[in-house]
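These notes concern the structure reproduced below.
The values are calculated or read from the model by the stated rules, or taken from the named source; none is laboratory data. Bear in mind that the values here come from a model prediction, so they are computed numbers and not experimental data. Here the Cβ positions follow ideal geometry from the backbone for every residue, glycine too, while neighbour counts run over all protein chains shown. For accessibility, only protein heavy atoms count, side chains too; no ligands or nucleic acids. Shrake-Rupley method; radii C 1.70, N 1.55, O 1.52, S 1.80 Å.
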Amino acid sequence: MALRTLVTRKALRGGLGLGFQSIRGLQTFSLPDLPYDYGALEPVISGEIMQLHHQKHHQTYVTNYNKALEQLDAAVAKGDATTVVKLQSAIKFNGGGHINHSLFWKNLAPVREGGGEPPKRSLGWAIDTNYGSLEALIQKINAEGAALQGSGWVWLGVDKEFKKLVIETTANQDPLVTKGPSLVPLLGIDVWEHAYYLQYKNVRPDYLKNIWKVINWEYASEVFEKECP
C-alpha cells in the first residue's frame with residue numbers, strides 16, 4: 001500500500017474530552033500497481049474483470065478512504081465528536097476495501113509464474129496437519145465462500161497467538177482482523193460479484209473452483225513462515 005504524506009503534525013486544539021490529544025500526521029493512500037498484466041490470469045480471470053476490478057473498484061475504495069480520513073482530521077481538529085463517530089463506518093468500509101484488495105492482488109499469480117502450484121515447506125505441512133490435505137482445505141474454503149450471503153470475503157489465516165490455521169468469512173469489506181486481533185490473513189478470496197460476474201455470471205462456485213489455478217501459495221507461505229517461524 002503506497003503512502004504519501006498529506007498533512008504533518010496537526011495539534012488538536014481544545015480537545016474532545018475523549019482521549020484524543022493530537023494527530024501526528026495524516027497519511028493518504030494510493031492505488032498499488034499490479035505485479036502482472038491485467039490479462040495475465042486468463043483464462044481463469046479475464047483481463048476485462050481485472051482492469052475494472054483494479055482501476056475502478058479498488059480505486060474507488062482508495063479515493064473514498066482518503067476522503068473519509070481528511071474529513072476525520074478536520075472533525076477532530078474542530079472537536080466535532082458526532083462527525084468523528086459518523087465517519088467510522090466509511091473508514092472501516094473503504095479502508096477495509098483497500099486493505100483487502102491490496103492483499104488480493106498478491107494472492108494471485110499467473111500460472112507461468114507459479115500460480116496454482118501447491119504450498120510446500122511449513123505451510124503445506126500445516127495444511128495437511130489441520131485439514132488432512134490441500135484438497136480438503138480447498139473444499140472447505142469453497143463451501144464457506146459459496147455459502148456467504150451477499151458480498152464479502154473468505155479467508156485462510158493464521159492465529160499467530162496459537163500458531164493455528166483458520167478459515168473465516170467476513171461481510172462486505174471487513175478485513176480478517178475484525179474477527180480477532182491475532183488473526184493474520186494468508187489468503188483472501190473476494191466473493192463480491194464485481195470480482196467474477198462478467199465471466200462467471202451468478203455461478204460463484206465455478207469462480208471459486210477455478211481461482212485456485214492462479215493462487216499464489218508462495219506468497220501465503222512467506223507470510224506464514226514470518227508469523228510462525
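Here are some notes:
- Computed [θ] at 222 nm, deg cm²/dmol, the chain (DSSP H ≥ 4; -39,500 (n - 2.57); rounded to nearest 500): -13000 deg cm²/dmol
- Cα shape, region 159-229, gyration tensor, a/c 1.5 rule: oblate
- Each Cα pair under 8 Å and six or more residues apart adds its separation to the average, and for the chain the resulting relative contact order is 21 percent.
- Within straight-line reach of K120, meaning a Cα separation under 15 Å, sit the following aspartates and glutamates at least 8 residues removed in sequence or on another chain: D128, E135, E218, E222, E225.
- Rule-of-thumb Rg ratio for region 63-207 [Cα; 2.2 N^0.38 Å; N residues]: 1.22
- Around W155: net Lys/Arg minus Asp/Glu count, Cβ-Cβ under 11 Å: -3
- Charge sum, other residues only, whose C-beta stays under 10 Å from V166's C-beta, Lys/Arg counted +1 and Asp/Glu -1: 0
- Taken per residue, the accessible surface of region 77-212 reaches 48 Å², heavy atoms only and a 1.4 Å probe.
- Amide H contacts under 5 Å for S151, placed H, 5+ residues apart: N172
- Shape analysis of region 120-170 based on the Cα gyration tensor places the equivalent ellipsoid semi-axes at 21, 14, 7 Å, largest first.
- Placing a label point 7 Å from the Cα of H57 along the Cα-to-Cβ direction, the residues of region 104-135 with a backbone N closer than 20 Å are 104-111, 116.
- Note on K179: aspartates and glutamates with a C-alpha under 16 Å away, same-chain residues under 8 apart excluded, are E144, D159, E161, E168.
- Counting Lys and Arg as +1 and Asp and Glu as -1 over every other residue whose Cβ lies under 15 Å from the Cβ of V177, the net charge comes to -2.
- Most mobile of L186, L34, L165 in a GNM of the chain (Cα contacts under 10 Å): L34
- The gain in end-to-end length when the D159 to R121 segment is fully stretched comes to 11.9 nm, 0.36 nm per residue minus the alpha carbon separation.
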